[in-house]
Amino acid sequence: MGDDIFRVLSPTAILGYGFPEESFQKGIEKKPHLIAVDAGSTDPGPYYLGAGISFTSKAAVKRDLGLIVKAAVETSIPCIIGSAGGCGARPHVNWTEGIIREIASESGLSFRMAIIYADIARTTVQKAMDQGRIDPLYPALPVTTHEIEKCVRIVAQMGAEPVSKALDMGCQIILCGRCYDPVPFAAPAIKMGFQPGLAYHMGKILECAAIAASPGSGRDCVMGTLFGNHFELEALNEKRRFTRVSTAAHTMYEKSDPYFLPGPGGTLDLSETTFAELDGGRVRVSGSQFHPSDKYTVKLEGVKSVGFRTISICGIRDPVLIRCFGTVLDEIKTEIMSEYDCMGNILFHVYGKNGVMGTLEPEKDAVSHELGVVIEVVADAQEQADSLCARIRSMLLHHSYPGRISTAGNLALLYSPSDISCGEVFEFNIYHLMSVEDPVSEFPVEIREVTP
């Protein structure tokens, strides 16, 4: 690309997490060629995809988008939003579109907006399975017709190609469904002819905004500048700076392999990447490469409903009970499952022992002076889960054990009412790669002319 450069402003790690207006304005003053922001993740779990709602609040998203959209339109800077609404399915995209339209109406803005949906029909997945185009990602099992039919909602992570198509259509704002996290930051640069490896690597860091700076924060702005054979990162808050260590460490973020990161259409190769510190708290990154794959694959994310959940949160501090607590829980679970004929799934999360790591906890003999306990029940109906959780909570409250002295009750219950109905429960049942002939065909682009 010779002396050409491409500047990308990343305001925040997740749309709705917030950012300082001062940092954002400093970024705008540097005249970026693109404002890009990631709005989603699978980190909050499967519920939000299944329920079709956002894990960030409307007020928070509208605050962030109000600043971003107004600046983009007034300065004619393209703005790309990835994985809208948190999970990037149609309800999430439509919800975000509604917020953007409110902002446009209230601020008197007019612009062309592209909507790129990422929903995949069950019939499409079934056809791909029948044709041998579906492969599981660890730890998923091979997909089956039964699991496909049980899916409430399925999305796929789009690559750069649908975004490039929207750019060709002259869109000011591009609102994407579920997409590969670096895509909103990298797609325009790749379209312009910059090296895909550098563009994707820069996008991977920018999608988390200032988390890769020191001190890190997901609520602050960063500028990435792409050159012909390297890119540079700059924090937009004087309290932060990029270092070799902070940048290299974040490059390892969400990776199962330190050198190779697969994505739609190929693999990001970091085996020759180098990091160099510059003045002003900047870092230069070079050597990242992208290798196209023989077949183009997109990652599918699908969820199914598995029932309804009720929980109760409590604590214990009796050292005698703590020493035999595992046995007590086993006795209660055996008794209740026999009494209720296994009408629900019963889980005990014991914090202070193995509440975080579960069976993977290496400190198996650790003894705490107190334990926090979450009783969880998942059943076919909310009433069943409520009933079973109440029964277990009362049994644990009064259960006898060797050496027991006080009979006033074993538990300190955190809330009144003690049992909390949590509603429908979803779990991921599709976490697979699907190969496609055309990287655009599964991601339709729709144009909206937005006016006040």
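What residue, of I375, I405, I336, I346, is β-branched (V, I, T) and modelled with pLDDT of 95 or more?
Just one listed residue meets the conditions, I375.
Looking at I190, I174, which is the one that is over 22 Å from Y47 (Cα atoms), outside any helix (DSSP H, G or I) and assigned by TED's automatic domain parsing to the domain that holds G263?
The unique qualifying residue is I174.
Being touching a strand residue (DSSP E or B) at 6+ places or on another chain (Cβ under 9 Å), closer than 25 Å to D386 by Cβ and either surrounded by 16 or more Cβ atoms within 10 Å (Cβ to Cβ) or in contact (Cβ under 8 Å) with a residue 40 or more places away in the chain (or both) is true for just one of I430, I447, I420. Which residue is that?
Selected residue: I420, the only one of I430, I447, I420 that is touching a strand residue (DSSP E or B) at 6+ places or on another chain (Cβ under 9 Å), closer than 25 Å to D386 by Cβ and either surrounded by 16 or more Cβ atoms within 10 Å (Cβ to Cβ) or in contact (Cβ under 8 Å) with a residue 40 or more places away in the chain (or both).
What strands (runs of 3 or more DSSP E), lying completely within the stretch 236-355, carry at least 3 residues that are touching a residue at least 40 places away in the same chain (Cβ under 8 Å), touching a helix residue (DSSP H, G or I) at 6+ places or on another chain (Cβ under 8 Å) and crowded, with 16+ Cβ neighbours inside 10 Å?
In the stretch 236-355, the matching strands (runs of 3 or more DSSP E) lie at 266-269, 282-286, 296-316.
Say we look at the stretch 379-397 and pick out the residues that are small (G, A, S), in a helix (DSSP H, G or I) and in contact with a strand residue (DSSP E or B) (Cβ under 6 Å, 6 or more places away or on another chain); which of these is surrounded by the most Cβ atoms within 10 Å (Cβ to Cβ)?
A385
Please specify each residue of the stretch 94-109 satisfying the condition of being of a type in the set (D, E) and buried (at least 18 other Cβ atoms within 10 Å of the Cβ).
E97
Please state which one of D64, D43 is in contact (Cβ under 8 Å) with a residue 12 or more places away in the chain and charged (D, E, K, R).
D64
Just checking, how many residues over the stretch 61-93 are buried (at least 23 other Cβ atoms within 10 Å of the Cβ) and polar (S, T, N, Q)?
1
Return only the number of the condition from (1) closer than 20 Å to Y296 by Cα; (2) in the same structural domain as I53 (by TED's automatic domain parsing) that L226 does not satisfy.
Exception for L226: condition (1).
Taking the condition of a type in the set (G, A, S), in contact with a helix residue (DSSP H, G or I) (Cβ under 8 Å, 6 or more places away or on another chain) and within 20 Å of P262 (Cβ to Cβ), does A160 pass?
yes
Select from the stretch 197-231 the residues that are of a type outside the set (A, V, I, L, M, F, W, C) and either under 17 Å from D64 (Cβ atoms) or surrounded by 21 or more Cβ atoms within 10 Å (Cβ to Cβ) (or both) and list them in ascending order.
G197, Y200, H201, G203, K204, E207, S217, G218, R219, D220, G224
Restricting to the stretch 197-217, and then to whatever is outside any helix (DSSP H, G or I) and in contact with a Gly (Cβ under 9 Å, 6 or more places away or on another chain), can you tell me which residue is nearest to G265 (Cα to Cα)?
Within the stretch 197-217, the match that is nearest to G265 (Cα to Cα) is E207.
Any idea which residue in the stretch 141-174 is surrounded by the fewest Cβ atoms within 10 Å (Cβ to Cβ), counting only those that are touching a residue at least 24 places away in the same chain (Cβ under 8 Å) and either touching a Ser or Thr at 6+ places or on another chain (Cβ under 6 Å) or under 20 Å from G307 (Cα atoms) (or both)?
Among residues in the stretch 141-174 that are touching a residue at least 24 places away in the same chain (Cβ under 8 Å) and either touching a Ser or Thr at 6+ places or on another chain (Cβ under 6 Å) or under 20 Å from G307 (Cα atoms) (or both), the one surrounded by the fewest Cβ atoms within 10 Å (Cβ to Cβ) is E149.
Looking for whichever is part of a loop (DSSP other than H, G, I, E, B), buried (at least 16 other Cβ atoms within 10 Å of the Cβ) and of a type in the set (V, I, T) here; the options are V373, V425, V440, V367. Which one fits?
Of the residues listed, the single one that is part of a loop (DSSP other than H, G, I, E, B), buried (at least 16 other Cβ atoms within 10 Å of the Cβ) and of a type in the set (V, I, T) is V440.
The values are calculated or read from the model by the stated rules, or taken from the named source; none is laboratory data. Being a predicted model, the structure only gives us computed values, none of them experimental. Neighbour counts run over all protein chains shown; Cβ positions are idealised from the backbone, glycine included.
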